[in-house]
Amino acid sequence: MEHYKGVSFDFLSALAKPRILFGTIIIRTNEMVLEIELPGDRPYFIKGIKKAGFFEGIHQGQPDDIPVQAKWTKLDNAWIGTWVEGGTDYLFTFETPVLQSRP
């Protein structure tokens with residue numbers, strides 16, 4: 001299991017201002033959990049299930065939360081994906097640190 005805190009998530013959309021949020025990532029064999037802090041509100045919590053070369057999940061929040069669907073894939077040490085929140089499409093990216101091997 002890999003665990004990363006303080007990860008920066010960048011969101012871009014043609015319909016909304018760009019935003020940067022921070023959160024935690026947990027990577028297990030066939031899933032990746034994204035917990036992204038949302039200032040002034042409850043965090044996003046997305047449990048992504050590994051599919052054919054990508055992860056896919058939905059925000060598992062409270063009944064009054066705006067629905068979020070996300071898909072993301074890895075490009076080198078960067079991750080890129082689509083994020084659909086309340087009908088607005090975003091491109092989102094984040095990076096995980098490169099793990100250093102010890103001599």
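Readers should treat all values here as calculations from the given coordinates under stated rules, not as data from a laboratory. Because the structure is a prediction, the values reported are computed rather than measured. Reconstructed Cβ throughout: ideal geometry from the backbone, glycine too, with neighbour counts over all protein chains shown.
Among the trypsin sites (Lys or Arg not before Pro) in the stretch 1-57, those located in a DSSP loop and surrounded by at most 14 other Cβ atoms within 10 Å of their own Cβ are 28, 51. Other residues lying with their Cβ under 13 Å from the Cβ of residue 82 contribute a combined charge of -2, Lys and Arg counting +1, Asp and Glu -1.
Any of 5/51; 17/50; 50/74 with alpha carbons more than 19 Å apart? Name them for me. Pairs exceeding the cut-off: 5/51; 17/50. Using Cβ point charges alone (K and R +1, D and E -1), the dipole size of the chain about the Cα centre works out to roughly 320 debye.
The slack in the chain from residue 62 to residue 37, taken as 0.36 nm per residue of separation less the alpha-carbon distance, amounts to 7.5 nm.
Note on residue 82 and residue 26: with the Förster distance fixed at 25 Å, the Cβ-Cβ geometry gives a FRET efficiency of about 0.75. At the listed q of 0.10 Å⁻¹, the Debye profile of the chain, built from one uniform point per Cα, gives log10 I(q)/I(0) equal to -0.27. For residue 14 and residue 1, the difference between the fully extended length at 0.36 nm per residue and the C-alpha to C-alpha distance is 1.1 nm.
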